[in-house]
Amino acid sequence: MNSAIKSVGVVGLGVMGFDIAFLYAMKGFPTMIYDAARPAMNTVEHRREQTIERLRKRDRINDVQTNNVRMLLIKASALENFSSMDLITEAVSENTRTKQSVYAALRSAGFHGMLTTNTSSVTRATLLAAGAYDSDRFGLTHYFNPVLHTQMVEVVSGDMAAHDRQSLLAFLRDIGRQPVRHHPDGRPTPSWTPEKLFTIFPNLGGMPDRRGAHMSGGEQQMLTVARTLMGNPLLVLLDEPSEGVAPVIVEQMANTIVELKKEGLSVLLSEQNIHFAELVCDRAYVLEKGQLQWHGPMAELATDVAAQRRLLSV
């Protein structure tokens, strides 16, 4: 662990809060949990084992991580137990007053550490109104659903102290998550969830439990691209995706690349099929024995028959 954060807590055990706490413990952090609703606390062990079993079926958790969750997910009897935590993530309902009441209760309990909120609908400024918590120790960390399968986290740190912000980012790296990145003009870079990928690869969405070895060649191509995208890259290199697959799959792959471009993803395509390249590419570079022989707009190459004969004929 590279972060200065060693002990963490989660307040609020709804679907998101429980999965966040599970993630923290799975990655090796002692994680104290609390929910004011007794049923949520009484079902922690059952939910924990259900989640472990679900992840095991998909090979998403190993024996060490399983043991971590069983040993490090610790129920608290009251918020007073959180006073010594380095970081607390609040994940209660999306209601400003409810969240602020939690902050007030934590302060009364003696907590002065770093506090983050998991929210997508309430702004940091709103939550900090009337001095609800110290702004230099408060951040927004919006985990995307499903928490245990999605690497991207939206981070809003505002005027958070620099060393605390760096500690928070280091903690996110320790648990295998990365903040949403932005282009120079402020637009967020593409981020991917399984649900979002299934809209682009509907074939994969219909076979969530099928192993890659039992898929067709075209489905394996789609799976390879989908797995790559889950790492949230800024650029993807595709090496002859049209080779050796049925024409219907070639068409689907072309449509997929077009959709990826619409999302703002850069694609570098290595391809011998000029007709496929024409469908998806903006610019073309023709290489021969490692030397650049031609470059320009793809549309120009597609209509230049003489250049095609000179450069692409076998």
Exercise for the section: Can you work out the PRE-style zone for residue 163? Point 7 Å along Cα to Cβ, and I want the residues of segment 102-126 with backbone N under 20 Å. Expected result: 111-116
Practice task
Between beta-carbons, use under 13 Å as the cut-off and find the net charge around residue 79, counting Lys and Arg +1, Asp and Glu -1.
Solution key: -1
Practice task
Could you sort out which of 27/75; 196/261; 6/75; 262/289 sit more than 22 Å apart by Cα distance in this structure?
Solution key: 262/289
Practice task
Please give every one of the aspartates and glutamates within straight-line cross-link reach of residue 99, meaning a C-alpha to C-alpha distance under 18 Å, and leave out same-chain neighbours fewer than 8 residues apart.
Solution key: 35, 80, 90, 134, 136
Practice task
Could you pull out the longest piece of the chain with no exposed loop trypsin sites (Lys or Arg not before Pro) in it, calling a site exposed if DSSP puts it outside H, G, I, E, B and it has at most 15 other Cβ atoms within 10 Å?
Solution key: 61-180
Fill in the blank from the handout: If unit charges are put on Cβ atoms (+1 for Lys and Arg, -1 for Asp and Glu) and the dipole of the chain is taken about its Cα centre, the option from 18, 135, 83 lying farthest towards the positive end turns out to be 83
Exercise for the section: Would you compute, from DSSP H runs of 4+ residues alone, the mean residue ellipticity of the chain at 222 nm, taking -39500 (n - 2.57) per run and dividing by the full residue count, rounded to the nearest 500? Expected result: -12000 deg cm²/dmol
Practice task
Treat every Asp and Glu Cβ in segment 8-179 as -1 and every Lys and Arg Cβ as +1, leave all other atoms uncharged, and give the resulting dipole magnitude about the Cα centre to the nearest 20 debye.
Solution key: 380
Exercise for the section: Pop a pseudo-label 7 angstrom from the Cα along the beta-carbon direction at both residue 41 and residue 207 and give the gap in nm to one decimal. Expected result: 4.7
Handout entry: Coil-residue chymotrypsin sites (Phe, Trp or Tyr not before Pro) of segment 134-222, DSSP, other Cβ within 10 Å capped at 12
Key = none
Fill in the blank from the handout: In degrees rounded to 10, the 0-90 angle between helix 217-229 Cα long axis and the longest Cα principal axis of the chain is 50
Practice task
Could you work out the relative contact order of segment 8-179, using alpha carbon pairs under 8 angstrom and six or more residues apart, expressed as a whole percent?
Solution key: 21
Problem - Charged-residue dipole, Cβ positions (Lys, Arg, Asp, Glu), the chain about Cα centre, Debye nearest 20 - result: 760
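All of the numbers you see were taken from the coordinates with simple rules; none came from a lab. For clarity, every value in this text was computed on a predicted model and none was experimentally measured. Glycine also receives a Cβ, built like all others from the backbone with ideal geometry; neighbour counts cover every protein chain displayed.
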